[in-house]
1. Does residue 16 meet the test of being at negative phi and in contact (Cβ under 8 Å) with a residue 40 or more places away in the chain?
2. Among the residues of region 20-27, are any under 18 Å from the mean Cα position of the chain (by Cα) and touching a residue at least 60 places away in the same chain (Cβ under 8 Å)?
3. Looking at residue 70, is it free of Cβ contacts under 8 Å to residues at least 40 places away in the same chain and crowded, with 18+ Cβ neighbours inside 10 Å?
4. In region 1-31, which residues are outside any loop (DSSP other than H, G, I, E, B) and surrounded by 15 or more Cβ atoms within 10 Å (Cβ to Cβ)?
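The values are calculated or read from the model by the stated rules, or taken from the named source; none is laboratory data. Computed from a predicted model, the values in this text were never measured in an experiment. Note that each Cβ is placed from the backbone with ideal geometry, even for glycine, and that neighbours are counted across all protein chains shown.
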């Protein structure tokens with residue numbers, strides 16, 4: 001076997017690992033197992049980037065997603081959840097909606113893979129970190145800022161969701177709770 005065959009074999013093996021981890025993340029009913037499957041998915045995607053010689057994207061994938069976001073999720077689960085082992089079961093309508101979305105995305109991806117024209121090489125040469133940063137903050141500034149606003153909205157939503165049920169948020173400068181003062 002030549003080196004191209006080994007690279008293709010490694011790519012497909014890692015792709016199967018990523019797909020299996022993603023499927024495990026979706027089908028798991030235990031939230032800790034979901035987080036571990038998410039770690040496998042994010043780490044596998046980083047491996048795919050490395051196999052495709054996109055080392056910058058692979059490192060960013062490991063640092064930002066596997067290293068930062070996933071650790072934040074795991075700590076959030078551990079610190080805010082009363083019952084870590086609680087089982088999560090989707091309602092039938094949610095499962096149906098998820099299946100429809102999955103099938104639509106799968107059909108779109110397969111159609112794109114079969115009809116797309118893929119360049120066999122990089123005509124622009126290798127990109128440096130400085131060039132990527134320059135492009136990110138000039139040409140791609142608006143999508144970059146929109147992604148930061150989206151992440152802020154996700155953080156605010158997560159903080160809202162961890163509030164205990166039946167307890168309204170305290171208003172700034174409002175009366176303090178007297179629970180436990182007696």
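1. no
2. yes
3. On the way: free of Cβ contacts under 8 Å to residues at least 40 places away in the same chain: yes; crowded, with 18+ Cβ neighbours inside 10 Å: yes.
Taking the combined requirement at face value, the residue satisfies it.
4. If we filter region 1-31 for residues that are outside any loop (DSSP other than H, G, I, E, B), which is where we start, we get 3-27, 30-31.
Scanning region 1-31 gives 14, 15, 17, 18, 21, 22, 24, 25, 31.
Conditions (1) over 25 Å from residue 57 (Cβ atoms); (2) surrounded by 10 or more Cβ atoms within 10 Å (Cβ to Cβ); (3) modelled with pLDDT of 80 or more, marked per residue:
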{"residue": "89", "(1), (2), (3)": "yes, no, no"}
{"residue": "111", "(1), (2), (3)": "no, yes, yes"}
{"residue": "118", "(1), (2), (3)": "no, no, no"}
{"residue": "126", "(1), (2), (3)": "no, no, no"}
{"residue": "142", "(1), (2), (3)": "no, no, yes"}
{"residue": "161", "(1), (2), (3)": "yes, no, no"}
{"residue": "170", "(1), (2), (3)": "yes, yes, no"}
